[in-house]
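The values are calculated or read from the model by the stated rules, or taken from the named source; none is laboratory data. What you are looking at is a predicted structure, and each value in this text was computed from that prediction instead of being measured. Cβ coordinates were reconstructed from backbone atoms using ideal geometry, including for glycine residues, and neighbour counts include every protein chain displayed. Areas reflect the complete protein model, heavy atoms only, side chains present, ligands, DNA and RNA absent. Shrake-Rupley method; radii C 1.70, N 1.55, O 1.52, S 1.80 Å.
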Amino acid sequence: MARLLDQYGRPVELTRSLWAAMVDVNNVVNTIVTPRTDMEMWGVEERWSYPVNGYGDCEDYVLEKRKRLM
């Protein structure tokens, strides 16, 4: 099982409050971002970016979720 670490590499306790925040961010980003491939958006096979105008691929979802959680 993966451990949650803070910015200094120390373990973080997964409290109900933290879990609720993670679930909330996950739900919000999954709702506001519509799936599009990098080929559809940028004309290239792979490009990591934040969602643009509400569109993104799987890496874009991850980057947005990470940004909101940090």
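Does a label point 7 Å from the Cα of Leu63, set along Cα-to-beta-carbon, have any residues of segment 31-54 with amide nitrogen under 14 Å, and which are they? Under 14 Å, as judged by backbone N against the label point of Leu63, lie 36-39, 41-54 of segment 31-54. For trypsin sites (Lys or Arg not before Pro), the sites in the chain that DSSP calls loop and that have at most 10 other Cβ atoms within 10 Å are Arg3. Computed over the chain, relative contact order equals 26 percent, with contacts defined as Cα pairs under 8 Å that lie 6+ residues apart. On the principal axes of its alpha-carbon atoms, the chain has extents of 42, 23, 20 Å, going from largest to smallest. Sorting the segments 40-46, 28-34, 55-61 by their residues' average number of neighbouring beta-carbon atoms within 10 angstrom, most packed first, yields 55-61, 28-34, 40-46.
If you roll a 1.4 Å probe over the chain with all protein chains in place, what percent of the accessible area is carbon or sulfur? Roughly 56 percent of what the probe reaches on the chain is carbon or sulfur.
Gain on full extension, evaluated as 0.36 nm per residue between Leu14 and Val44 minus their Cα-Cα distance, stands at 7.0 nm. For segment 38-43, 3J(HN,Hα) computed residue by residue from phi via the Karplus equation (6.51, -1.76, 1.60; θ = phi - 60°) reads 4, 5, 5, 8, 10, x Hz, glycine and proline entered as x. Which angle from 0 to 90°, rounded to the nearest 10, does the C-alpha axis of helix 58-69 make with the longest principal axis of the chain? The answer is roughly 40 degrees. Amide H contacts under 5 Å for Tyr55: Thr34, restricted to partners 5 or more places along the chain or on a different chain, H placed in the peptide plane at 1.01 Å from N. Take the chain with all the other protein chains still there, run a 1.4 Å probe, and you get 80 Å² of accessible area per residue.
Label separation (Ile32 vs Asn53): 1.8 nm, computed from points 7 Å beyond Cα along the C-beta direction.
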